[in-house]
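Report on the following structure.
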Amino acid sequence: MPAAEAKPKETPAPAPASAPAAAETPQKDVKQLQTIIKYKVVLKVVSGGIAGKKYSVDEPTVINIGRGSNCTISIPKDVDPGVSRNHCRLDIAPPRTELTDLGSSNGTYINDMRIEPNKKYELKSGDTFKVGENLFSIEIKSTKVGADSAPSKE
């Protein structure tokens, strides 16, 4: 009897296996028409001790800004004494970008407004944020990637 009970459970298994095969044809057509939008976050330092620097991110990452040696964007004390060791953090998952002040002494500013420490703020394209005397601008760019724009293998 235990073998007979196992057979009814096995019978439905082939049906789902055949269902994806039937669904493959429409998916092929969809793939040809599909356009993927890829995002890139560009940070530019427009003024301050590290003015002219540019950072580009197209994958999820965390960027720590401060004067500490462990920071991704390091701003030495002699360049800008208003920057804390661990001043702020950017959590980037393009196109989403969030800025958090890490309890810095002199604060972090978004569009000239001081933000609360340890609270995430979403940045939009065109926003600026200030760390010490360094003013960063943010630009979120999108590009379309699809069958039309795929590079050819010639």
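The values are calculated or read from the model by the stated rules, or taken from the named source; none is laboratory data. Here the structure is a predicted model, which means the values were calculated and not measured. Positions of Cβ are generated from backbone atoms using ideal geometry, with glycine treated the same way; all protein chains shown enter the neighbour counts. With ligands, DNA and RNA removed, areas are computed over all heavy atoms of the protein, side chains included. Shrake-Rupley method; radii C 1.70, N 1.55, O 1.52, S 1.80 Å.
Data overview
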{"quantity": "Scan of the range 97-130 for residues that are in contact with a Pro (Cβ under 9 Å, 6 or more places away or on another chain) and assigned to a strand (DSSP E or B), ordered by number", "calculated": "100, 101, 108"}
{"quantity": "Selection status of residue 89, modelled with pLDDT of 95 or more and exposed (fewer than 15 other Cβ atoms within 10 Å of the Cβ)", "calculated": "no"}
{"quantity": "The range 48-84: number of residues that are of a type in the set (S, T, N, Q) and either in contact with a Leu (Cβ under 7 Å, 6 or more places away or on another chain) or under 20 Å from residue 97 (Cβ atoms) (or both)", "calculated": "5"}
{"quantity": "Candidates 125, 137, 105, 69, filtered to the one that is of a type outside the set (A, V, I, L, M, F, W, C) and open to solvent by less than 60 Å² (accessible area, probe 1.4 Å)", "calculated": "137"}
{"quantity": "Residues within the range 78-92 that are more than 11 Å from residue 104 (Cα to Cα) and without any contact (Cβ under 8 Å) to a residue 24 or more places away in the chain, tallied", "calculated": "1"}
{"quantity": "Only one of 51, 21 that is at pLDDT 60 or above and either open to solvent by less than 70 Å² (accessible area, probe 1.4 Å) or touching a strand residue (DSSP E or B) at 6+ places or on another chain (Cβ under 7 Å) (or both)", "calculated": "51"}
{"quantity": "Qualifying positions in the range 85-113 - under 24 Å from the mean Cα position of the chain (by Cα) and farther than 22 Å from residue 57 by Cβ", "calculated": "85, 103, 107, 112, 113"}
